[in-house]
Amino acid sequence: MAGLKKMVVAALMLSNVAFSPAHAGQVKALGMVLESEGAHIGSSPVSAGASLFLGDILSTDSDGRIRVRVGQTTYELLGDSTAAFYPGKDGAIAELRRGSILVANNSTSESFEIYASDVRIVPGQNRPVLGEVSIKSTCELVVTTTTGLLDVTAGAEKRSVKQSHSYRVVPEHAVDGLQDARTSPEDENYHRHHNHVGCAVPVAQHGMRPPVVTGDTHFLE
(Lines give C-alpha, C1' and ligand atoms only; values in the text may rest on other atoms or scores of the structure.)
Protein backbone atom coordinates (compact mmCIF):
# COMPACT_ATOMS: atom_id res chain seq x y z
CA MET A 1 0.00 0.00 0.00
CA ALA A 2 2.87 2.41 0.87
CA GLY A 3 4.48 1.65 -2.48
CA LEU A 4 1.29 2.54 -4.33
CA LYS A 5 0.99 5.87 -2.49
CA LYS A 6 4.62 6.62 -3.30
CA MET A 7 3.88 6.09 -6.99
CA VAL A 8 1.06 8.64 -6.92
CA VAL A 9 3.36 11.26 -5.40
CA ALA A 10 6.03 10.49 -7.98
CA ALA A 11 3.50 10.68 -10.81
CA LEU A 12 2.39 14.14 -9.66
CA MET A 13 5.95 15.42 -9.33
CA LEU A 14 7.04 14.07 -12.70
CA SER A 15 3.99 14.96 -14.77
CA ASN A 16 5.95 17.42 -16.90
CA VAL A 17 9.05 15.31 -17.46
CA ALA A 18 9.91 14.87 -21.14
CA PHE A 19 12.04 12.00 -22.33
CA SER A 20 14.79 12.70 -24.83
CA PRO A 21 15.44 10.45 -27.83
CA ALA A 22 18.39 8.07 -27.78
CA HIS A 23 19.99 5.63 -30.20
CA ALA A 24 21.90 8.50 -31.85
CA GLY A 25 18.71 10.52 -32.10
CA GLN A 26 17.15 8.13 -34.60
CA VAL A 27 14.57 6.47 -32.36
CA LYS A 28 12.42 8.27 -29.85
CA ALA A 29 12.46 6.82 -26.35
CA LEU A 30 9.19 5.34 -25.18
CA GLY A 31 9.86 6.01 -21.52
CA MET A 32 12.44 6.30 -18.77
CA VAL A 33 13.59 4.19 -15.84
CA LEU A 34 13.03 6.09 -12.59
CA GLU A 35 14.30 3.52 -10.09
CA SER A 36 15.86 0.10 -10.50
CA GLU A 37 17.14 -2.63 -8.23
CA GLY A 38 17.78 -6.18 -9.40
CA ALA A 39 16.19 -5.41 -12.77
CA HIS A 40 17.09 -5.97 -16.42
CA ILE A 41 16.24 -4.88 -19.92
CA GLY A 42 16.69 -8.03 -21.92
CA SER A 43 19.69 -9.73 -20.31
CA SER A 44 21.44 -6.50 -19.31
CA PRO A 45 21.23 -4.85 -15.88
CA VAL A 46 19.47 -1.49 -15.95
CA SER A 47 19.82 1.57 -13.74
CA ALA A 48 17.83 4.75 -13.12
CA GLY A 49 17.95 7.22 -15.99
CA ALA A 50 18.03 4.60 -18.74
CA SER A 51 15.69 5.07 -21.68
CA LEU A 52 13.03 2.53 -22.56
CA PHE A 53 12.39 1.67 -26.21
CA LEU A 54 9.77 -0.29 -28.11
CA GLY A 55 10.82 -3.95 -28.10
CA ASP A 56 12.53 -3.81 -24.70
CA ILE A 57 11.50 -6.54 -22.26
CA LEU A 58 11.83 -5.57 -18.60
CA SER A 59 12.28 -8.16 -15.88
CA THR A 60 13.10 -8.27 -12.18
CA ASP A 61 14.87 -10.74 -9.93
CA SER A 62 12.87 -12.35 -7.12
CA ASP A 63 13.90 -9.53 -4.77
CA GLY A 64 14.13 -6.84 -7.45
CA ARG A 65 11.95 -3.95 -8.59
CA ILE A 66 11.90 -1.37 -11.36
CA ARG A 67 9.83 1.79 -11.70
CA VAL A 68 9.38 3.37 -15.13
CA ARG A 69 7.46 6.23 -16.62
CA VAL A 70 5.80 5.86 -20.03
CA GLY A 71 3.92 8.96 -21.15
CA GLN A 72 1.96 10.22 -18.15
CA THR A 73 1.74 6.83 -16.45
CA THR A 74 4.11 5.41 -13.86
CA TYR A 75 4.55 1.65 -13.51
CA GLU A 76 6.42 -0.46 -11.00
CA LEU A 77 7.31 -4.10 -11.62
CA LEU A 78 7.64 -6.05 -8.39
CA GLY A 79 9.90 -9.07 -7.80
CA ASP A 80 10.00 -11.90 -10.35
CA SER A 81 8.00 -9.97 -12.94
CA THR A 82 8.27 -9.37 -16.68
CA ALA A 83 6.60 -6.75 -18.88
CA ALA A 84 6.84 -4.89 -22.17
CA PHE A 85 5.51 -1.43 -23.03
CA TYR A 86 4.05 0.19 -26.16
CA PRO A 87 2.68 3.54 -27.30
CA GLY A 88 -1.10 3.56 -27.59
CA LYS A 89 -3.80 5.70 -29.12
CA ASP A 90 -4.87 7.18 -25.77
CA GLY A 91 -1.74 6.51 -23.71
CA ALA A 92 0.76 3.86 -22.73
CA ILE A 93 0.11 0.14 -23.12
CA ALA A 94 1.69 -2.34 -20.71
CA GLU A 95 1.82 -6.07 -21.40
CA LEU A 96 2.32 -7.96 -18.13
CA ARG A 97 3.86 -11.35 -18.90
CA ARG A 98 4.64 -12.55 -15.39
CA GLY A 99 4.39 -11.34 -11.81
CA SER A 100 2.89 -8.07 -10.58
CA ILE A 101 2.71 -4.48 -11.78
CA LEU A 102 1.65 -1.33 -9.94
CA VAL A 103 0.21 1.53 -11.99
CA ALA A 104 -0.37 5.21 -11.21
CA ASN A 105 -1.86 7.91 -13.44
CA ASN A 106 -2.92 11.45 -12.56
CA SER A 107 -3.41 12.83 -16.09
CA THR A 108 -6.86 14.02 -17.16
CA SER A 109 -5.79 13.98 -20.81
CA GLU A 110 -4.03 10.62 -21.06
CA SER A 111 -5.14 7.08 -20.27
CA PHE A 112 -3.36 3.69 -20.17
CA GLU A 113 -4.03 0.02 -20.84
CA ILE A 114 -2.68 -3.12 -19.19
CA TYR A 115 -2.93 -6.55 -20.83
CA ALA A 116 -2.38 -9.77 -18.87
CA SER A 117 -3.15 -12.94 -20.86
CA ASP A 118 -6.31 -11.90 -22.75
CA VAL A 119 -7.57 -9.66 -19.93
CA ARG A 120 -7.63 -5.90 -20.58
CA ILE A 121 -7.50 -3.32 -17.80
CA VAL A 122 -8.14 0.41 -18.32
CA PRO A 123 -8.86 3.26 -15.88
CA GLY A 124 -12.14 5.02 -15.25
CA GLN A 125 -12.44 8.75 -15.91
CA ASN A 126 -11.53 10.10 -12.46
CA ARG A 127 -7.93 10.76 -11.47
CA PRO A 128 -5.73 9.86 -9.76
CA VAL A 129 -5.91 6.15 -10.50
CA LEU A 130 -3.78 3.74 -8.52
CA GLY A 131 -3.90 -0.03 -8.82
CA GLU A 132 -2.16 -3.37 -9.09
CA VAL A 133 -2.42 -6.30 -11.52
CA SER A 134 -0.91 -9.67 -10.56
CA ILE A 135 -0.64 -12.90 -12.52
CA LYS A 136 -1.07 -15.60 -9.89
CA SER A 137 -1.04 -18.55 -12.28
CA THR A 138 -1.65 -19.34 -15.94
CA CYS A 139 -5.40 -18.84 -15.60
CA GLU A 140 -5.72 -16.58 -12.58
CA LEU A 141 -5.21 -12.84 -12.14
CA VAL A 142 -5.91 -10.48 -9.27
CA VAL A 143 -6.79 -6.85 -10.02
CA THR A 144 -6.80 -4.36 -7.12
CA THR A 145 -7.77 -0.70 -7.11
CA THR A 146 -6.43 1.48 -4.30
CA THR A 147 -7.59 4.82 -5.70
CA GLY A 148 -10.05 5.57 -8.50
CA LEU A 149 -11.57 2.90 -10.73
CA LEU A 150 -10.23 0.17 -13.01
CA ASP A 151 -12.39 -1.40 -15.74
CA VAL A 152 -11.51 -5.03 -16.46
CA THR A 153 -12.59 -7.02 -19.53
CA ALA A 154 -12.27 -10.82 -19.72
CA GLY A 155 -13.88 -12.46 -22.74
CA ALA A 156 -17.20 -10.71 -23.33
CA GLU A 157 -17.59 -9.79 -19.66
CA LYS A 158 -16.63 -6.49 -18.06
CA ARG A 159 -16.43 -5.45 -14.41
CA SER A 160 -15.42 -2.24 -12.66
CA VAL A 161 -13.03 -2.66 -9.74
CA LYS A 162 -13.89 0.14 -7.35
CA GLN A 163 -11.58 1.87 -4.91
CA SER A 164 -10.23 -0.41 -2.14
CA HIS A 165 -11.58 -3.54 -3.86
CA SER A 166 -10.03 -6.57 -5.56
CA TYR A 167 -11.27 -9.09 -8.10
CA ARG A 168 -9.94 -12.49 -8.95
CA VAL A 169 -10.17 -12.85 -12.73
CA VAL A 170 -10.07 -16.00 -14.87
CA PRO A 171 -9.09 -15.19 -18.48
CA GLU A 172 -11.01 -16.65 -21.41
CA HIS A 173 -7.64 -17.88 -22.68
CA ALA A 174 -4.15 -17.83 -21.21
CA VAL A 175 -1.43 -16.53 -23.51
CA ASP A 176 1.57 -18.82 -23.90
CA GLY A 177 4.89 -18.43 -25.69
CA LEU A 178 5.17 -14.64 -25.81
CA GLN A 179 8.43 -13.66 -27.48
CA ASP A 180 8.25 -10.67 -29.79
CA ALA A 181 7.92 -7.45 -27.79
CA ARG A 182 7.67 -5.20 -30.85
CA THR A 183 4.05 -6.12 -31.59
CA SER A 184 1.52 -4.36 -29.40
CA PRO A 185 -1.45 -6.27 -27.92
CA GLU A 186 -3.62 -3.90 -29.96
CA ASP A 187 -1.98 -4.85 -33.26
CA GLU A 188 -4.13 -7.05 -35.52
CA ASN A 189 -1.15 -9.42 -35.91
CA TYR A 190 -0.49 -9.72 -32.17
CA HIS A 191 -2.14 -13.11 -31.74
CA ARG A 192 -0.02 -14.65 -34.49
CA HIS A 193 3.05 -14.44 -32.23
CA HIS A 194 1.94 -16.75 -29.42
CA ASN A 195 -0.33 -19.62 -28.44
CA HIS A 196 -3.67 -19.60 -26.62
CA VAL A 197 -4.73 -22.05 -23.93
CA GLY A 198 -8.37 -22.24 -22.85
CA CYS A 199 -8.80 -21.70 -19.11
CA ALA A 200 -11.97 -23.70 -18.41
CA VAL A 201 -10.19 -27.06 -18.10
CA PRO A 202 -7.18 -25.85 -16.04
CA VAL A 203 -9.53 -24.09 -13.64
CA ALA A 204 -11.51 -27.30 -13.07
CA GLN A 205 -8.38 -29.44 -12.76
CA HIS A 206 -7.03 -27.25 -9.97
CA GLY A 207 -10.27 -27.49 -8.04
CA MET A 208 -11.05 -23.78 -8.36
CA ARG A 209 -14.56 -22.58 -7.72
CA PRO A 210 -16.29 -19.60 -9.34
CA PRO A 211 -15.43 -17.70 -11.38
CA VAL A 212 -15.77 -20.48 -13.94
CA VAL A 213 -15.43 -19.61 -17.59
CA THR A 214 -18.20 -21.95 -18.70
CA GLY A 215 -21.68 -21.06 -17.53
CA ASP A 216 -20.83 -18.53 -14.83
CA THR A 217 -18.52 -15.53 -14.56
CA HIS A 218 -14.88 -14.63 -15.05
CA PHE A 219 -14.89 -12.57 -11.85
CA LEU A 220 -14.96 -13.18 -8.11
CA GLU A 221 -14.74 -10.25 -5.70
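The values are calculated or read from the model by the stated rules, or taken from the named source; none is laboratory data. It should be emphasised that the depicted structure is a prediction, and the values quoted were computed from it without experimental measurement. No Cβ is skipped: glycine too gets one built from the backbone with ideal geometry, and neighbour counts run over all protein chains shown. For the accessible areas, the whole protein counts, side chains as well, though only heavy atoms, and no ligand, DNA or RNA atoms are used. Shrake-Rupley method; radii C 1.70, N 1.55, O 1.52, S 1.80 Å.
For the reader, a short list of remarks on this structure follows.
- Long-range amide H partners of residue 50 with built H, under 5 Å: 33
- Here the accessible area is traced with a 1.4 Å probe on the protein chains. For the stretch 24-126, carbon and sulfur cover 45 percent of it.
- Extension gain, residue 108 back to residue 163 (0.36 nm per residue minus Cα-Cα distance, nm): 18.0 nm
- FRET efficiency for the pair residue 221 and residue 98, taken as 1/(1 + (r/R0)^6) with r the Cβ-Cβ distance and R0 = 35 Å, rounds to 0.90.
- Calculated on the Cα set of the stretch 72-164, radius of gyration then Dmax: 12.0, 34 Å.
- The distance between label points at residue 156 and residue 61 comes to 4.8 nm (points 7 Å beyond Cα on the Cα→Cβ vector).
- Entries in 28/136; 28/162; 89/162 that, when Cα-Cα distance is taken, lie over 32 Å: 28/136; 28/162
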